[in-house]
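The values are calculated or read from the model by the stated rules, or taken from the named source; none is laboratory data. For clarity, every value in this text was computed on a predicted model and none was experimentally measured. Cβ placement follows ideal geometry from the backbone for every residue including glycine, while neighbour counts extend to all protein chains displayed. Each accessible area value is taken on the protein alone, full model and side chains, heavy atoms only, with ligands, DNA and RNA left out. Shrake-Rupley method; radii C 1.70, N 1.55, O 1.52, S 1.80 Å.
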There are 2 protein chains.
Amino acid sequence: MSSEAEAPPPEQPKVSKKAAKKEEAKLEKLRRRLEASSAVAGAAPDEEDPLAGNYGEVPLPELQSKEEVREPYTAIGALAEEMKDETVVVRGRAQTIRAVGKKMAFVVVREKGFTVQCVVTEKEGLVSRQMVKFVASLNRESIVDVHGSLTVPSSPIKGATQQVEIQVSKIYCVNKALPTLPINLEDAARSEAEIEKALQAGEQLVRVNQDTRLNFRVLDIRTPANQGIFRIQSQVGNIFRQFLLSEDFIEIHTPKLIAGSSEGGSAVFKLDYKGRPACLAQSPQLHKQMAICGDFGRVFEIGPVFRAEDSFTHRHLCEFTGLDVEMEIKKHYSEVMDIVDQLFVKMFDSLNASCKKELEAVGRQYPFEPLKYLRKTLRLTFQEGVQMLKDAGIEIDPFGDLSTEVERKLGQLVLEKYGTEFYILHRYPFAVRPFYTMPCYDDPAYSNSFDVFIRGEEIISGAQRVHVPELLTKQAEAKGIDVKTIETYIDSFRYGAPPHGGFGVGLERVVMLFCGLNNIRKTSLFPRDPLRISP
Amino acid sequence: MSSEAEAPPPEQPKVSKKAAKKEEAKLEKLRRRLEASSAVAGAAPDEEDPLAGNYGEVPLPELQSKEEVREPYTAIGALAEEMKDETVVVRGRAQTIRAVGKKMAFVVVREKGFTVQCVVTEKEGLVSRQMVKFVASLNRESIVDVHGSLTVPSSPIKGATQQVEIQVSKIYCVNKALPTLPINLEDAARSEAEIEKALQAGEQLVRVNQDTRLNFRVLDIRTPANQGIFRIQSQVGNIFRQFLLSEDFIEIHTPKLIAGSSEGGSAVFKLDYKGRPACLAQSPQLHKQMAICGDFGRVFEIGPVFRAEDSFTHRHLCEFTGLDVEMEIKKHYSEVMDIVDQLFVKMFDSLNASCKKELEAVGRQYPFEPLKYLRKTLRLTFQEGVQMLKDAGIEIDPFGDLSTEVERKLGQLVLEKYGTEFYILHRYPFAVRPFYTMPCYDDPAYSNSFDVFIRGEEIISGAQRVHVPELLTKQAEAKGIDVKTIETYIDSFRYGAPPHGGFGVGLERVVMLFCGLNNIRKTSLFPRDPLRISP
């Protein structure tokens, strides 16, 4: 049976033996043709060369799992001076190729952001002139297998991350890249500063714009900065999970396909579900609360969140990865803020410790200052924030929301006064929060809610939720919601509901703001915005 | 600014101070009314009782984060005989309530599947008769706070998991459940065997059917078996990730919104994306391969997968959680099978070791035999499988796919011959695999692909992929795919592509088959099938 887990083949008619044989014959023909063409292309570039077996293009059958061997490849990032004189095999990309006359060529080979310089020198009985020619004619970004011994040059190597060279004895092209690429990696990896500096020296360097990058994302994500960004992103998810699991949370998966057209109004993606109206979940809010009503105590989810908003900002996407948390509250919503505090201090500490190389790689292309944060996260009330702004001459509506600009200003004030770029603002005005937010016990104009900021931008929103069905109904009505459309949700609280609260974080925003990047498209692998739905 | 991470409030007009005050007044009124009603309902059930402060319903303001205290609650699962005579506070659900005359009542309180018996006995100056009455009148599944001291009864307690009793000094109802629930937890937690046994004794016990369970999932997931299932599910995801991270994989998040109507034909959910046709990803196949072409080397993803198929089987869902892996291959697709082998043996070992209680809880309601698996996972070729079937008198098309029934039969044969219920079948006929599957080097009628089975059912599908754009195009055409619709995908391999392969697993299937359950709806928190899109 074809798997449920893999994409089903687009057409999968039951095939008869006869059809299968026909298919087989057709494929055999194709295979022969491909083999022939690859042989022509360079498997034996010069039949006159007795050393022809030491280089060339690897023919296809060799790459079709012909031999079940575990060849001992060495990771390029692992190559070190201590390995001097050892013979190694590496696989990577031919990043730059440079011929020096007809007897010598240099290839910088890259793997996962690490690079090593490989030297091919004509040597009787070992390296032929044809081999040097073959190497010199390699297309950039082609995948190569390089065999050779390690040497340590007397002066530092500038063009590669590893401080050893490979003296090549064999080199094969495993897969050939197009001779002309839509983006040059060199260009894509260049910082603004380099471009500016060159410009001052009268040289115009190529600047790859964001759209071109995203159109050819497969090339773009090969830059050291991008390799760093997505390794950091992977770590953020990992730390998030490990911390919460250690605090007795369990991971859940809630449905993204939701009946009806949801509470979200126009910002929702609608679709047809087997003849019924459905939409994509704008957050796991309802279901994570139901999990709490279902006795899981503390839950979290990492999953896609869909927003059909027409936001053309540096920080909005139509699809992003939500990190969601929901938990029982014993007495006070500060229990939720405690989790935020501990989780993020732990996360920042871990990133700084375990992602040094990645952060450096990001910083080389997009310079940024390390995030300033306190051991115990600062908590200010919304009212205190309003007062700080007032003291700085900025008057805002004390019961309204903060604009992006005001948030940024407040971030500056907080940094000046408290020395932190990471803080919690709580007791938001009730009027600017969702209907399911618990109002404050002492003043219903405020709510048991909070936002969390990094470098003046909001990344987390959380609150105590209303767990009492009657109050929930009243608040929904007061906010103009048709209660009938959220009846299942409200009913979830009729079978005994513990007080609870939680928060949601955007993964891409955390990475963007931790690294001081200027656009969320830089931290989404294949971003989706109102204008972009590919690749 | 309202967060991107939380569901936006359905209506969020900018409010003026005046409107905010009006809102405030309205809410204040509501709050007073609710307070009044809760007072009547039982905050002080009998004003004549001088001990009235020791019990009653907790009024709403108390549950609105009135006091920022960290009250030392003890988890019910942590209550043990060693704690004898200690005073504890627990929060949980009143699972069963039983009055003995007017002077005594028993409440079994449950938290996360653990239960403790609480005893309320009239005692002068400490526990009033009114308090006993209050307890006796509690609705099942209500949330209660219980204060009391621990005693160890002389004979074992049958009706609770913890072998201590709480002698109650105070008890408060935190949140009241409806007096009549749509499902009784007792009924929902009952095994088939109990029902049968009672029937033989002439007693007809309630059997809660699957649909009723799913309609009231918030109640259903409170049963010990369900608490176990979803804790096991959380662990499966955790082990999957931790193993792969330790093997140098990175976690990625690929888009679920895909341009066009995808390669999937009718089994795809279509939607409108800002005026353009789009669909929901049926797997992260294309994007995880692009991540490999983008130099990440080894990647995995855990995320929702959408299939609009009309499959009404015990093992298909319209939305499930995919565990996807993709990795560079140096020489042979068995490198991918090595990862499957190590990952799953590790997973089964870990589950058996760390989820003992959960597995027992599942087994009590749905009895099953522990999974039989080998230290090194058995690998058979498809041809060997066909031969085993033939030897057992079952003739099948050697180039066709296996039916669910034949898979099950083969599972039996493998168990008998090799003593394992977990094995890999590889070298599938090319004709039954997707167009992007690499054919075998020595026989294009077969492919470098595999399926993995647990208890005779397929859970994993994997393969080496075609990384050569020319061959990919040819194979797509041969399978009748309009190559224009997959051009971006094919282009990804033109900039240098390493040989690679991977696999996909359905999380719900792993849990279902590991626990020997008979329906995938039991292992999806809020399942989606052709007939169900709520709750």
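Counting lysine pairs in the stretch A:294-373 whose alpha carbons fall under 26 angstrom apart, excluding pairs fewer than 8 residues apart on the same chain, gives 7. With 40 Å² as the minimum drop in accessible area between chain alone and full protein complex (1.4 Å probe), the qualifying residues in the stretch A:479-528 are A:K479, A:R494, A:Y495, A:G496, A:P499, A:L525, A:F526, A:R528.
Excluding B:L150 itself, what net charge comes from residues whose Cβ is under 14 Å from its Cβ, given Lys and Arg +1 and Asp and Glu -1?
Details: positive: B:K84; negative: B:E81, B:E82, B:D85, B:E86, B:E165.
Computed value for this residue: -4.
Label points for A:G125 are taken 7 Å from Cα along Cα→Cβ. From this copy to the others they lie 10.8 nm apart, shortest first.
Distances, shortest first, from the label point of A:I394 to those at the same position in the other copies read 7.0 nm; the point lies 7 Å along Cα to C-beta.
Under 5 Å from the amide H of B:M438 lie the amide H atoms of B:N448, B:Q464, B:R465, B:V466, each residue being 5 or more positions distant or on a separate chain, with H modelled from the backbone and absent for Pro and chain starts.
With semi-axes defined as the square roots of five times the eigenvalues of the C-alpha gyration tensor, the equivalent ellipsoid of chain B measures 54, 31, 20 Å, largest first. Under the convention that each Lys and Arg Cβ holds +1 and each Asp and Glu Cβ holds -1, the size of the dipole of the stretch B:224-523 around its Cα centre is about 680 debye. Across the stretch A:456-496, the residues whose backbone nitrogen lies under 20 Å from the label position 7 Å along the beta-carbon direction of A:Q383 are A:463-464.
Under 12 Å of direct C-alpha separation, and excluding same-chain neighbours fewer than eight residues apart, B:K270 reaches these aspartates and glutamates: A:D272. Report the one residue of B:I250, B:F296, B:S283 whose Cα lies farthest in the direction of the positive end of the charge dipole of the stretch B:229-299 (charges on C-beta: Lys and Arg +1, Asp and Glu -1; origin at the Cα centre). The Cα lying farthest towards the positive end belongs to B:S283.
Take each residue in A:65-76, count the other chain C-beta atoms within 10 Å of its C-beta, and the mean is 4. Our Cα-only numbers for the protein assembly as shown put the radius of gyration and Dmax at 31.7, 111 Å.
The mean sequence separation of alpha-carbon pairs under 8 Å and at least six residues apart, normalised by the residue count of the stretch A:224-523, gives a relative contact order of 21 percent. Among the listed pairs A:K479/B:K66; A:K112/B:K256; A:K390/A:K417; A:K133/A:K158, those with a Cα-Cα distance over 22 Å are A:K479/B:K66; A:K112/B:K256; A:K133/A:K158. Here the translational diffusion coefficient of the stretch A:33-180 follows from Stokes-Einstein with Rh set to the Kirkwood radius across Cα pairs; for 37 °C and 0.692 mPa s it amounts to 211 µm²/s. In this assembly of identical copies, the label point of B:K274 (Cα plus 7 Å along Cα-to-Cβ) is separated from its counterparts by 3.2 nm, sorted shortest first. The residues of the stretch A:33-180 have, on average, 48 Å² of accessible surface per residue, using a 1.4 Å probe with all protein chains present.
Nearest 20 debye, what's the magnitude of the dipole of chain B about its Cα centre given +1 on Lys and Arg Cβ and -1 on Asp and Glu Cβ? List each step's numbers first, then the result.
Details: 70 positive and 75 negative charges, 266 e Å.
Dipole about the Cα centre, nearest 20: 1280 debye.
Accessible surface buried at the B:A interface totals approximately 16000 Å², computed with a 1.4 Å probe on protein heavy atoms. A Förster radius of 35 Å combined with the Cβ-Cβ distance from A:E186 to B:D482 puts the calculated FRET efficiency at roughly 0.45. The orientation-averaged projection of the convex hull spanning the C-alpha atoms of the stretch A:343-470 amounts to 9.5 square nanometres.
Per residue of A:285-296, other chain Cβ atoms within 10 Å of the residue Cβ number 6 on average.
Which FRET efficiency value, to the nearest 0.05, do you get for B:R70 and B:L531 by plugging their Cβ-Cβ distance into 1/(1 + (r/R0)^6) with R0 = 41 Å? Working shown, then result.
Values: r = 46 Å, r/R0 = 1.13.
According to the calculation, E is roughly 0.35.
Of all chain B residues, the closest to the B-onto-A rotation axis by Cβ, with that distance in whole Å, is B:L271, 2.
Expressed as a fraction of 2.2 N^0.38 Å, the value expected for a compact globular protein of N residues, the C-alpha radius of gyration of the stretch A:149-258 is 1.61.
Only DSSP H runs of four or more residues enter the estimate; each adds -39500 (n - 2.57), and after division by the residues of chain B the mean residue ellipticity at 222 nm equals -9500 deg cm²/dmol. Going 7 Å from the Cα of B:E194 toward and past its Cβ, which residues in the stretch B:200-233 have a backbone nitrogen under 12 Å from where you end up? The answer is B:205-208, B:223-225, whose backbone nitrogens lie closer than 12 Å to the label point.
Apply 1/(1 + (r/R0)^6) to the Cβ-Cβ distance of A:H314 and A:S350, taking R0 = 22 Å, and write down the FRET efficiency to the nearest 0.05. Please report the intermediate quantities before stating the final value.
On the way: r = 26 Å, r/R0 = 1.19.
Plugging the Cβ-Cβ distance into 1/(1 + (r/R0)^6) gives 0.25.
Taking 18 Å as the cut-off, the amide N atoms of the stretch B:354-393 that come nearer than this to a point 7 Å along the Cα-to-beta-carbon line of B:D443 belong to B:379-391. Run the quick spin-label model on A:K417 and B:R375: label points 7 Å from Cα toward the beta carbon, then report their separation in nm to one decimal. Label at A:K417, label at B:R375, 6.5 nm between them. Each of B:L126, B:S142, B:I157 was scored by the projection of its Cα onto the charge dipole of the stretch B:76-175, and the greatest displacement toward the positive side belongs to B:S142; charges sit on the C-beta of Lys, Arg, Asp and Glu. Solvent-accessible area of chain A (1.4 angstrom probe, protein heavy atoms only): carbon and sulfur portion equals 51 percent. Take every pair of alpha-carbon atoms less than 8 Å apart whose residues are at least six positions apart; their mean separation over the length of chain B yields a relative contact order of 11 percent.
Excluding same-chain neighbours fewer than eight residues apart, the aspartates and glutamates reachable from A:K288 by a Cα-Cα span under 13 Å are A:E251, A:E301, A:D324, A:E326, A:E328, B:E6.
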